[in-house]
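The values are calculated or read from the model by the stated rules, or taken from the named source; none is laboratory data. Model, not experiment: these values are computed from the prediction. Here Cβ is always computed from backbone atoms with ideal geometry, including for glycine, and neighbour counts include all displayed protein chains.
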Amino acid sequence: MKALEGIRILDLTNVLSGPFATELLALLGAEVIKIENPVDGDLARKLGNVPKLNKELMGTSFLAQNANKKSVTLNLKHELGREVFKKLTKTADVVVENFRPDVMTRLGLSYDVLSRINPKLIYCAISGFGQTGPDALKPAYDQIIQGLSGVMAINGDERLSPLRCGFPVCDTVGGLNAAFAIVAALFHRERSGEGQRIDVALLDSIMPLMGWVVANLLIGGQEPIPMGNDNFTAAPSGTFVTKDGYINIAANKQEQWESVTEVLGLPELKTDVRFQERDNRKKNRKTLTPLLEAKLREKETAYWVDVLNKNDVPSGAIPQLSEALKQEQVKHRDTFKTVTAENIGELQLFNLTAKLEKTPGMVTCPPPRLSAHTTEVLTDLGYSPEEICALKQKGVAGSMEMKKEVVKQ
């Protein structure tokens, strides 16, 4: 049995934060039904670096976080589409959406409406700023939130700051936060029988990840200084140049620092007053780094990684992404699952990376084609073939291609 087997989730989300949340739940065994617009579905279907897949509405951005899901298309602006959705809500455990706060109310599908239909419903709304407050109705993308949250202000160094994180970290963390909250709400419902509303904002979802930096400011009164690849808590701790590239070294403990001096053949630095204690090393890191790099440049990264790790100093190479994904440890962890998608071929997709001993989560099927499960789900709801055909003909359900087929018939 899978951890969330028997849980039905109606997924109204688009692009990244919401789809990432619901994919985590799908990997844990929940039945996730994507409710998409009949014209072109989730915007992510058209996003990615492969134009052919974008035209097929199977863009790489969509493929990245929609495994194990079903796709149903409904026009929620049409009264009949809303009627179908309300029937689905009676059968659901969770509704997840990432529209602006007023959209579901305008559609007549707010939590207040849906919870009257299904009092045990868990309703999760994901937005940039939350459902209430002075900024609630503002539009938001990941980069906007990276800037407003302070993430960009603490990235980079004295030459380049503010600096955006290299992937949509706020969207992703917002999705993770939503998945965590949904599982907590399901656990509460198991004990109490109560459904509830969940309000997740990308802005405050990302802030706790900066906990140490924020604590230094709010408690210690120290404004963060962008330090690039250096670790502000210790020195030497960061990225250093070697003979053939770069190495990460994290000598965060005193004994690790002393091991570094021995391994590099610089034992005299241990008693140098500039470097003897942690706080002095931090103050003098710009003097210390060139002394260490003079030695590190004598040999290749692989040599230093091996010898430093053998001496209990955490260190690692900095491979390109293509190499990072191929590491033996990544393979050992079954981080990816290969599945075959119709007319696309083999796809490597992320499994659930938390390893649950009794109820492991994994990819079992590829992301769905637009509207692939509309007929199946509507049939299960009790709609007859004739009723389904009529809904498709009216553009209420099914994709535009399905409507064309119905008209031809």
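Below, the figures for the structure above:
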item: Evaluation of LYS310 against (1) at negative phi; (2) outside the structural domain of TRP257 (by TED's automatic domain parsing) (one fails), failing number; result: (2)
item: Some residue of the stretch 197-210 being more than 21 Å from the chain's Cα centre (by Cα) and loosely packed, with under 15 Cβ neighbours inside 10 Å; result: no
item: Those helices (runs of 4 or more DSSP H) lying entirely in the stretch 201-318 with at least 2 residues among the β-branched types (Val, Ile, Thr); result: 211-218, 254-263, 285-296, 301-310
item: Residues of the stretch 355-374 that turn out to be within 19 Å of LEU88 (Cα to Cα) and of a type in the set (A, V, I, L, M), as a count; result: 2
item: The one condition in (1) part of a helix (DSSP H, G or I); (2) buried (at least 19 other Cβ atoms within 10 Å of the Cβ) that VAL15 fails to fulfil; result: (1)
item: Out of VAL50, VAL113, sole residue that is β-branched (Val, Ile, Thr) and more than 26 Å from the chain's Cα centre (by Cα); result: VAL113
item: All positions within the stretch 325-371 that are part of a strand (DSSP E or B) and at positive phi; result: GLY345
item: Residue pairs meeting the criteria (Cβ under 6 Å; at least 6 apart or on separate chains; first touching a residue at least 24 places away in the same chain (Cβ under 8 Å), in the stretch 25-47; second of a type in the set (D, E, K, R) and assigned to a strand (DSSP E or B)); result: ALA26/LYS69; GLU31/ARG8; VAL32/ASP11; VAL32/LYS69; ILE33/LYS70; LYS34/ASP11; LYS34/LYS69; ASP42/GLU36
item: Criterion (within 30 Å of GLU97 (Cβ to Cβ), of a type in the set (D, E, K, R) and surrounded by fewer than 16 Cβ atoms within 10 Å (Cβ to Cβ)) met by exactly one of GLU262, GLU194, GLU277; result: GLU194
